[in-house]
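FYI, it's all coordinate maths here, none of it is from the lab. Quick caveat: nothing in here was measured; it's all calculated off a predicted structure. All Cβ positions, even for glycine, are placed from backbone atoms using ideal geometry, and neighbour counts span all protein chains on display.
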Amino acid sequence: MLPLLFWLGCEDDATDDTNPLVGVWEMTTVSILIETEPFPQTITYNSDANNNETMILAEDGTYSSSGILDGDSFSNSGSWSSTSNKLTIIEDGETLGIEIELIFDFSISGSTLTLIGSDTYIVFDTEYNMVITITYTKS
C-alpha cells in the first residue's frame with residue numbers, strides 16, 4: 001500500500017511543457033543600430049502612444065501583432081516556431097501580398113523577452129548592416 005501512495009503522490013509533480021514564448025507580449029523598447037561608417041547610429045523607440053505593439057504567440061503556432069508605429073496603426077498575422085534560441089515568424093503577407101519570414105535570436109529572463117535580428121539599410125546605393133533589438137514584457 002505504501003508504494004501505491006508514493007506513486008500517486010508523484011503524479012502531481014508533472015512538468016509544464018508549454019513553450020515559454022507562448023503568451024501576450026507588450027513591446028517596451030526597440031533599438032536599431034545602423035552600422036554606418038565612420039559613425040554608427042542608434043535609434044531607440046520607447047513604448048508610448050505613437051509607438052507600441054502587442055504580439056501574441058499562441059500555443060497552436062499562430063502569431064498576431066498589432067499596434068502603432070510613428071502614429072500609424074498596423075496589424076499582422078501568421079505563424080511562428082522556435083528551435084533552441086531562434087524564433088521564426090512568418091507573416092501571411094496580406095498587406096504586401098508576399099509572405100515575410102523574420103528570424104530572431106531570443107532570450108527570456110523572467111517576464112522579459114528580448115529579440116535580436118539583423119537586416120540591411122541602404123543609403124545612396126551603399127548597404128549597411130542593421131541590428132534590431134526589441135524588448136517585450138509578458139502581460
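Computed over the alpha-carbon pairs of the stretch 20-138, the distance histogram in 5 Å steps reads 2, 11, 17, 23, 21, 15, 7, 2, 0, 0 percent, short to long. Here the label points at ILE32 and ASP105, each 7 Å from Cα along the C-beta direction, are separated by 2.1 nm in the simple model. Short-range pairs are left out: with C-alpha atoms under 8 Å and at least six residues apart, the relative contact order of the stretch 20-138 is 25 percent. Charge dipole of the stretch 20-138 (Cα centre as origin; +1 on each Lys and Arg Cβ, -1 on each Asp and Glu Cβ, all else neutral): 460 debye, rounded to the nearest 20.
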